[in-house]
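The values are calculated or read from the model by the stated rules, or taken from the named source; none is laboratory data. Bear in mind the structure is a predicted one, so any value in this text is a computation, not a measurement. Don't worry about glycine lacking a Cβ; one is built from the backbone with ideal geometry, like all the others, and counts go over all protein chains shown.
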């Protein structure tokens, strides 16, 4: 009961901070007198889903009409005829041109382009930028949180491992994690991979479950960190599962793909490329499922919050806030559910790869 109450308080605080961010953005837009409210909300949602080169907690407009950002910059690392390293504060959130080593760079639609001192962006017939793009190895907001979550996981599980060496029971936060770890071992890995082979995959299954779960939880906070709604991240996770499955496959696994036993020879020739294509479709479905579910949840939640500023009455706004609060609680479940599904399907693929032949 206590944990449930705390989670509700956290969700309520997150919603209030998000609503405040919406209000500040709305105020800024009204003062600028540029766009209508619906357009501002759409752009705010699109901006919320994007990665960025700095970490902004929130923004506000001071009495002088200046738009201020509260946060900190991240390092920008480019290769453009040599290594260029500088702080993202040079861009001033995309409002200025960064001059580094005699070259000028500008942020346009969250991408870095080489430009002149005036920040000129040239376009083709389809209105796509034609400016040169340097190779970008920057530490973006998503990269920062991937590293942060990795450090958190390392500290938690290394401490748990030390506790197990000294006693049979973990202490502190480890007591909360132990039932989850045992569930992944006994209800996901063992039944789907088999008693003989499951241990070799446990490290990856535990890592991917807790990584996806923790970054999804961070995505529900007002920090604006949506790591798993970046398709590059879900692609990387899916590729790891694909490579582990491919290189773990035994003779029986590949035999059932290229030359299925008990099937007429003409059908084997027809089915072999289909089965081979299936090995690629499986990780693709992993990538799309995680990306689409997390992205859709954020879009729906932010859209419902935006309705409060559209209704502007004592009936519509409280109803929108109540619906957003209920959806936020549901998103807590989705955060864990998507981690579970990714881990479960990975275990199923591993199990199929190492399954022994039955004769």
- Note on the structure: Of the residues in the stretch 140-172, those that are buried (at least 17 other Cβ atoms within 10 Å of the Cβ) and part of a loop (DSSP other than H, G, I, E, B) come to 140, 170
- For residue 306, indicate whether it is surrounded by 13 or more Cβ atoms within 10 Å (Cβ to Cβ), modelled with pLDDT of 80 or more and within 20 Å of residue 42 (Cβ to Cβ). no
- Item | Residue match in the stretch 250-269 (condition: out of contact with any helix residue (DSSP H, G or I) (no Cβ under 9 Å at 6 or more places or on another chain) and on the phi > 0 side of the Ramachandran plot) | yes
- residue 179 being without any contact (Cβ under 8 Å) to a residue 60 or more places away in the chain, farther than 29 Å from residue 74 by Cβ and exposed (fewer than 13 other Cβ atoms within 10 Å of the Cβ): yes
- Yes or no: residue 203 exposed (fewer than 15 other Cβ atoms within 10 Å of the Cβ), farther than 30 Å from residue 44 by Cα and either touching a residue at least 60 places away in the same chain (Cβ under 8 Å) or within 22 Å of the chain's Cα centre (by Cα) (or both)? yes
- Item | Among the residues listed as 49, 16, 57, the single one being at pLDDT below 80 and more than 29 Å from residue 136 (Cβ to Cβ) | 16
- Residue hits (the stretch 77-104; touching a helix residue (DSSP H, G or I) at 6+ places or on another chain (Cβ under 8 Å) and in a strand (DSSP E or B)) are 98, 99, 100
- Query: In the stretch 173-182, is there at least one residue being under 23 Å from residue 215 (Cβ atoms), modelled with pLDDT under 85 and outside any helix (DSSP H, G or I)?
  - Reply: yes
